[in-house]
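To keep things clear, I will list the structure first and then write my remarks on it.
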Amino acid sequence: MGQLTDELQNKVDAAIRLIRSAGAGGEVVEVAYSGGKDSDVVLELTRMSGIKYRAIYHNTTIDPPGTIEHVKAQGAEIVRPPKSFFQLMEENGMPNRFMRSCCRLIKEHKTLDRVIMGVRKAESSDRDKNYNEPTECKVYRNGTAEAFYPILYWTDDDVVEFIEARGIKIHSLYYREDGTIDAKRRLGCMCCPLAYYRKRLEYFKRVPGMVKAYCRAAQRFREKHPDNTTVKKYADVYEWFTREVFFERQAHFEDHKRVVQFTPPIIRTS
């Protein structure tokens with residue numbers, strides 16, 4: 001095991017104290033395990049703390065290749081959803097940034113009354129704004145849980161230093177070709193509507209079968225819900241898919257449609 005800097009060692013000590021407070025009295029605590037690098041760090045800290053825990057991974061059915069194998073290697077329990085992502089799309093329509101039934105029905109529900117999570121403020125501006133305490137009461141659709149965020153104030157450099165010092169094997173997607181760790185990469189669901197625009201496009205390009213799967217599931221939703229307001233907006237499922245994937249705003253999509261549908265007059269020169 002490598003040596004940590006004094007600054008990071010202090011953060012590790014504080015994180016372990018917080019985790020031990022979560023498991024005070026011998027209560028079994030959930031480690032919300034996603035297979036991502038921050039989850040691996042939190043799982044290692046929890047192991048170091050000596051408390052009783054269950055590492056639980058909620059299978060989204062569209063996590064990146066290699067995730068299930070990594071989760072199994074880390075010894076986490078795998079909870080499979082009653083319905084897959086594409087089955088939910090058939091029932092609820094194509095997800096977007098404002099309507100994500102997939103997260104609500106697959107990932108966002110509690111298992112135990114106390115949960116340790118790898119949330120960090122440095123991950124995004126939204127997390128920096130929304131997470132300001134290392135503990136909180138977290139509301140799920142099936143109840144509430146006391147949530148603990150032991151690495152809330154850790155930087156990307158802290159995460160990489162800890163992983164390397166502890167010799168943690170993380171998901172293969174985080175490694176660059178030269179074997180170094182890219183802490184800016186995010187695991188997440190493939191083609192997630194919350195991902196940055198370019199990352200969504202990158203996933204669809206790398207996994208073109210996802211385009212077909214999206215359109216098939218959305219078409220079944222259209223057939224079952226012909227009077228749905230969203231369905232009526234688009235001429236077909238491909239137009240709907242194009243709007244959700246390639247355009248951030250409906251107004252931008254409508255402007256594009258007007259340009260594409262405009263046919264310039266034929267000018268004869270003789």
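The values are calculated or read from the model by the stated rules, or taken from the named source; none is laboratory data. Remember, it's a predicted structure, so these values are computed and weren't measured experimentally. Because the Cβ atoms are built from the backbone with ideal geometry, glycine has one as well, and the counts that use them run over all protein chains shown.
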Restricting attention to the range 50-68, does a residue exist that is at pLDDT 95 or above, surrounded by fewer than 18 Cβ atoms within 10 Å (Cβ to Cβ) and in contact with a helix residue (DSSP H, G or I) (Cβ under 9 Å, 6 or more places away or on another chain)? yes
Matching residues in the range 213-247 (touching a residue at least 40 places away in the same chain (Cβ under 8 Å), surrounded by 14 or more Cβ atoms within 10 Å (Cβ to Cβ) and among the polar types (S, T, N, Q)) number 1
Yes or no: Tyr214 farther than 18 Å from Arg97 by Cα and part of a helix (DSSP H, G or I)? no
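Before we move on, is Thr135 at pLDDT 95 or above, over 20 Å from Leu194 (Cα atoms) and surrounded by fewer than 17 Cβ atoms within 10 Å (Cβ to Cβ)?
Working: at pLDDT 95 or above: yes; over 20 Å from Leu194 (Cα atoms): yes; surrounded by fewer than 17 Cβ atoms within 10 Å (Cβ to Cβ): yes.
Spelling it out, Thr135 is indeed at pLDDT 95 or above, over 20 Å from Leu194 (Cα atoms) and surrounded by fewer than 17 Cβ atoms within 10 Å (Cβ to Cβ).
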Looking only at residues that are at pLDDT below 85 and among the basic types (Lys, Arg) in the range 91-115, which one is surrounded by the fewest Cβ atoms within 10 Å (Cβ to Cβ)? Arg97
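Can you tell me which residue is nearest to Val28 (Cα to Cα) among those in the range 50-79 that are part of a loop (DSSP other than H, G, I, E, B) and under 16 Å from the mean Cα position of the chain (by Cα)? Working first, answer last.
Quick first cut of the range 50-79, residues part of a loop (DSSP other than H, G, I, E, B) only: 50-52, 59-66, 74-76.
Then keep just the ones that are under 16 Å from the mean Cα position of the chain (by Cα); that gives 59-66.
Working: Asn59: 21, Thr60: 24, Thr61: 27, Ile62: 29, Asp63: 27, Pro64: 29, Pro65: 30, Gly66: 28 Å.
Filtering first and then ranking leaves Asn59.
Can you pull out the residues in the range 140-154 that are in a loop (DSSP other than H, G, I, E, B) and crowded, with 16+ Cβ neighbours inside 10 Å? Talk me through it step by step, then tell me what you get.
First pass over the range 140-154, keeping only residues in a loop (DSSP other than H, G, I, E, B): 141-142, 149-154.
Residues satisfying the conditions are Tyr149, Pro150, Ile151, Leu152, Trp154.
In the range 2-19, what residues are touching a helix residue (DSSP H, G or I) at 6+ places or on another chain (Cβ under 6 Å) and loosely packed, with under 14 Cβ neighbours inside 10 Å?
Answer for the range 2-19, where residues must be touching a helix residue (DSSP H, G or I) at 6+ places or on another chain (Cβ under 6 Å) and loosely packed, with under 14 Cβ neighbours inside 10 Å: just Gly2.
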